[in-house]
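No lab work stands behind these numbers, since they all come straight from the coordinates. Just so it is clear, the structure is predicted and the values come from calculations on it, not from any experiment. Backbone-built Cβ (ideal geometry, glycine too); neighbour counts: all protein chains shown.
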Amino acid sequence: MNKFAVFAVAVLLPVVSNAADCNVEVTSSDQMRFDKSSFIIRKSCSSVTLTLNNAGTFPKTVMGHNIVIVKKSDVESVSQTSMAAGPAAEYVKADDPRILAHTKMLGGGEKDTISVDTKKLNSGEEYVFFCSFPGHRALMSGSVVVNN
Ligand code: ZN
C-alpha cells in the first residue's frame, strides 16, 4: 500500500460510514409494500436524511405512498385523523404535533427526501413508520429503531 492509499483510507472511511449512518432510503411499490420492515434513526446524527422512492407506476390518487413517523402509541389515532384529512391534504393533517416527520404523498416514479430532526425522537420509546393512504397501513408499516 503506498502512502496515498493509507492516507485515503484513514481520511475517507469515517466520512463515508458516517454519511451512510445518517441516511435512510425506503422504496415502495404498486404491491402496497415498503422494502424495509424497520430502519434505524441514530441520535448521534443531528438530523437523518430520509428518502422515499416510489418504484410503482400508479398515480398518487390511486396508489399513493408516503412515510409518516409517529410514536407507536399514537399510530391508531394518527391513522384515523390522517384519513379524515382527505385527499386534498394528501392524508396528512397539517401541523399535527403527533407526526414527528412525514414525506409527501408520492405517485409512481416519484421520490421525496426529508430531514428528520433526531431531537424529536427518544431512545427507549417505540416508533413506527407507515403509509397514511387509506387502507395501506396494514401492509405498509414498520418499526423505527432509535439508537445512538
Ligand atoms: Zn401507500
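What to note about this one:
- Counting the residues of segment 122-135 that are more than 16 Å from the ligand (Cβ to nearest atom) and surrounded by 20 or more Cβ atoms within 10 Å (Cβ to Cβ) gives 1.
- Pairs, first touching a residue at least 24 places away in the same chain (Cβ under 8 Å) in segment 137-148, second more than 16 Å from the ligand (Cβ to nearest atom) and assigned to a loop (DSSP other than H, G, I, E, B), C-beta under 6 Å, six or more apart: 146/121; 146/123; 148/43; 148/44
- Being in contact with a Cys (Cβ under 7 Å, 6 or more places away or on another chain) and on the phi < 0 side of the Ramachandran plot holds for only one residue in 118, 113, and it is 118.
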